[in-house]
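The values are calculated or read from the model by the stated rules, or taken from the named source; none is laboratory data. Quick caveat: nothing in here was measured; it's all calculated off a predicted structure. We place every Cβ from the backbone using ideal geometry, glycine too, and count neighbours over all the protein chains shown. The protein model used for the area step is the full one, side chains on, heavy atoms only, and it has no ligands, DNA or RNA in it. Shrake-Rupley method; radii C 1.70, N 1.55, O 1.52, S 1.80 Å.
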Amino acid sequence: MQTSEIARMVSTAKEYYWPTFARDASFFDLPTSIITSAEGLFVVDIHGNRYLDTIFGSGAMYLGYNHPEVMEAMLGQMKRVASQCTFFVPTPPAILLAEKIASLTPGSLKYTIFGSNGTDANETAIKIARQYWKIKGQGTKYKVIGRKRNYHGMGLGTLSASGHMFRRAPFEPLMPGFILINSPICYRCPYDLTYPECGVLCAQELRRAIEFEHPSTVACYIGEQTIGGGGVVPPPPEYMKIIRDICDEYDVLLIADEVITGFGKTGFWFECQKYGIVPDIITMGKGIGAGYGPLSGTHVKSEIAELFKGKDAFQHGYTFGGLGYLAAAGLAAIEYVERHNLLARATELGTKIRQELEAIKEGSAVVGDVRVNGVMAAVELVKDKATKAEFPDRAAVARLVADVGLKNGVLLNCLTWYGDIILLFLPLNTSDEELGMVFHALAQAVAEVERRFL
Ligand SMILES: Cc1ncc(COP(=O)(O)O)c(C=O)c1O
């Protein structure tokens, strides 16, 4: 683009485009705020600069951008039927994707109802849980237990189930019947305990909450397993098993939000498989259509879904839930992962990421914690490793991290919601060379933070 065109685009964006997630027009002063093309792991900004992305829509594009096989499948279906109102009729790719997903998930998980984003997948799940208990003649079970620092979406229901307090406050009061319990965040344990001596008290808190509310009132538990956007925080290995057992004991449906963690990121198709548990409902978004457009799914056990019939049929659906071209993209991506054994690659990448990040932590006075689960990782920066004190000006630290990243050709995202946490959500087909670029940029950024802020 010519300089004058760039200037016009930026000023038009500032005047008309309302940026999401609480950013203002100054966002468009960042050189990388407008992307013009992308391929593989790289994006090109409006100035023509090429950068390696490290976040991919929080793991949505799990094979990177514009993957040739995914594009071919998607464009092929688009040419056949560009769009159709999925209120009424599906296209073959959506049916085949539902079948494929059922073959990848454990236990009796079988049916998928499609939507168009992670928020509505979770709204759908909560509605299924509430109606399920009505169908079973236990309509007093309506409460939803979520977790602090988890995120399930922007709708009023999903926001009520989410524990990102800064996102809730402007819209309060939120919906009644939603309760939040602590999440397993060992680095900053809410009880100031240490794992494993803690006995995974945070999981036992679910029992206390159900008993306090009374089991006859609780419909479901909803949670991420590894917290994603809240700072990539994997649970202790036994945590989900304890949650599953408590849900079984009290007749509470377990909804696992796998909007980020689904589709191979943990080295398993779904994270629940890593812990050997079967949720009652898995919600999917982001990667379900390879991250190439708005598609989501609420995936439900057969013994639950099959109760929704006759007078109890599910009064629910979206105009564009399950668009065929996105389902075709999703199917092509799954086939690619299978053909190239990329679940194993995700595990291998996870091992390499852990080694590199541990080494960076070892040599740094500002890396307090590193967390890794497959291709998802976090580097938590602190002012004082002994006390875990955060930097007083989180935004300044985050800006510096991003600047150093850009100088090294890498988009580094340092989120400031819960401290300064650099997040990585890398595609399953990341090469060793690309991984090397990420670590080089990260090491430089961490060193610069130490130099400037300590
Ligand atoms: C775990 C989780 N659930 C749900 C959502 C909401 O998805 P969407 O933005 O597609 O509505 C997100 C979005 O980042 C998420 O990370």
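Spin-label point model (7 Å from Cα, Cβ direction): what's the Ala365 to Asn66 distance in nm? Result: 4.5 nm between the two label points. PRE reach from Gln138 (point 7 Å along Cα→Cβ): which of region 202-216 fall under 17 Å by backbone N? It comes to 207-216, nothing else. With 0.36 nm allotted per residue and the present C-alpha distance subtracted, the Glu238-Thr194 stretch has 14.4 nm of extension available.
What's the extension gain from Leu201 to Thr217 if we count 0.36 nm per residue and subtract their Cα-Cα distance? Mind dumping the intermediate values first?
Working: separation 16, 0.36 × 16 = 5.76 nm, distance 2.27 nm.
Result: 3.5 nm gained on full extension.
What is the Cα centroid distance between region 418-454 and region 343-375, reported in whole angstrom? Cα centroid to Cα centroid, the span is 10 Å. Using a probe of 1.4 angstrom and keeping all protein chains present, the accessible surface of the chain works out to 42 square angstrom per residue. Mind grabbing the base-10 log of I(q)/I(0) for the chain at q = 0.06, 0.07, 0.11, 0.12 Å⁻¹? Debye formula, identical points on the C-alpha positions, no solvent, two decimal places. Scattering profile of the chain, log10 relative to I(0): -0.26, -0.35, -0.90, -1.08. Between Glu335 and Glu39, the C-beta separation translates, for a Förster distance of 22 Å, into a calculated FRET efficiency of about 0.65.
Could you work out the helix-only [θ] at 222 nm for the chain, with each DSSP H run of four or more residues adding -39,500 (n - 2.57) and the total divided by the number of residues, to the nearest 500 deg cm²/dmol?
On the way: 15 runs with 177 residues, N = 454.
That calculation yields -12000 deg cm²/dmol at 222 nm.
Using a Cα-Cα cut-off of under 19 Å, which lysines could be cross-linked to Lys136, ignoring same-chain neighbours fewer than 8 residues away? Output for Lys136: Lys127, Lys301, Lys309, Lys311. Surface composition of the chain: carbon and sulfur atoms hold 56% of the protein heavy-atom accessible area at a 1.4 Å probe. Each label was represented as a point 7 Å from its Cα along the Cα-to-Cβ direction; for Ser11 and Glu358 these points are 5.5 nm apart.
Within region 179-203, name every residue whose backbone N is under 18 Å away from a label modeled 7 Å from Cα of Phe453 along the Cβ vector. What the label zone holds, given the 18 Å backbone N cut-off, is 188. Qualifying chymotrypsin sites (Phe, Trp or Tyr not before Pro) in region 51-160, where qualification requires a DSSP coil assignment and no more than 12 other C-beta atoms within 10 Å, comprise Phe87, Phe88.
The spacing between region 283-342 and region 86-163, judged by their C-alpha centroids, is 10 Å. Volume of the convex hull of region 69-339 (Cα atoms only), normalised per residue: 128 Å³.
Using only alpha carbon pairs under 8 Å that are at least six residues apart, calculate the relative contact order of the chain and give it in whole percent.
Working: 900 pairs, mean separation 90.3, N = 454.
20 percent.
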